[in-house]
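What follows is a set of notes on a single structure, which appears directly below.
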Amino acid sequence: MIMKNIVLTGFMGAGKTAVGKELARLLDVPLIDIDSDIEKSERMTINDIFKQRGETKFRDIETAMIKKISQRENIVISTGGGAVMKDENMEALRRNGIVICLMASPEAILHRVSHNSERPLLQGENPLRKIEDLLHVRQPFYDKADIIIDTENRTPLQIAEEIIERIRNLKR
Ligand code: S3P
């Protein structure tokens, strides 16, 4: 069966990768993680791309990767938290996909990302403040998703099951 791609968006730490894995397993389709594919093709970590080439260059690489991956069918796509900010990214992803946004509170996000230092945008003095500021700017873009899901106090499996159910309801 050919299905539309399922595109996961949402802030860093919202659970896109964990939920993406469950979705891909339940639907038996590949999970493509845009950030991982960027790291493979550039042979650099996202952190190093930010440090050595800057955010603008990263965003260009991200858009090119999104356009390439969007041409595929029958996949789950996990995007980086900032991908929603560019209309051309979302247009490409929507052409063949349903856009899901995973939401969590700033406190929950901080808790989930605090154990690793792989997020260049959250390094520095006051990460909670940074999360709140970025969320404030990005919220209108996250809100454009076809389906918005609250992830707090739920497992990735429960969230993946809800996504499948809600996509079925969309089609009715
Ligand atoms: C970013 C989120 C990261 C990664 C990069 C920028 C953002 O992805 O793309 O560090 O702007 O929110 P995750 O959302 O998977 O952490």
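At-a-glance table
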item	result
Charge dipole magnitude, Cβ of K and R +1, D and E -1 - the range 89-172, Cα centre, debye nearest 20	380 debye
Mean Cβ count within 10 Å, highest first, over the residues of peptides 56-67, 17-28, 72-83	72-83, 17-28, 56-67
Average accessible surface area per residue within the chain, 1.4 Å rolling probe, Å²	54 Å²
Long-range tail of P(r) for the range 71-148 (Cα pairs > 14 Å, %)	66 percent
Within the range 1-90: Cβ-based charge dipole about Cα centre, in debye rounded to nearest 20 (Lys, Arg +1; Asp, Glu -1)	60 debye
The range 97-106 - phi-based ³J(HN,Hα) in whole Hz, Karplus 6.51/-1.76/1.60, Gly and Pro as x	x, 9, 9, 10, 10, 9, 10, 8, 6, x
Long pairs among LYS40/LYS144; LYS130/LYS171; LYS68/LYS130; LYS57/LYS130, criterion Cα-Cα beyond 28 Å	LYS40/LYS144; LYS130/LYS171; LYS68/LYS130
The chain, dipole about Cα centre (Lys/Arg Cβ +1, Asp/Glu Cβ -1), debye to the nearest 20	400 debye
Within the range 82-103: backbone nitrogen closer than 18 Å to the GLN139 label point (7 Å, Cα to C-beta)	82, 84-85, 101-103
Relative frequency of Cα-Cα separations exceeding 21 Å in the chain, percent	46 percent
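The values are calculated or read from the model by the stated rules, or taken from the named source; none is laboratory data. Just so we're clear, the structure is a prediction, and the values are computed from it rather than from any experiment. Glycine gets a Cβ as well: all are built from the backbone with ideal geometry, and neighbour counts include every protein chain shown. Heads up: the accessible areas ignore ligands, DNA and RNA and are worked out on the full protein's heavy atoms, side chains in. Shrake-Rupley method; radii C 1.70, N 1.55, O 1.52, S 1.80 Å.
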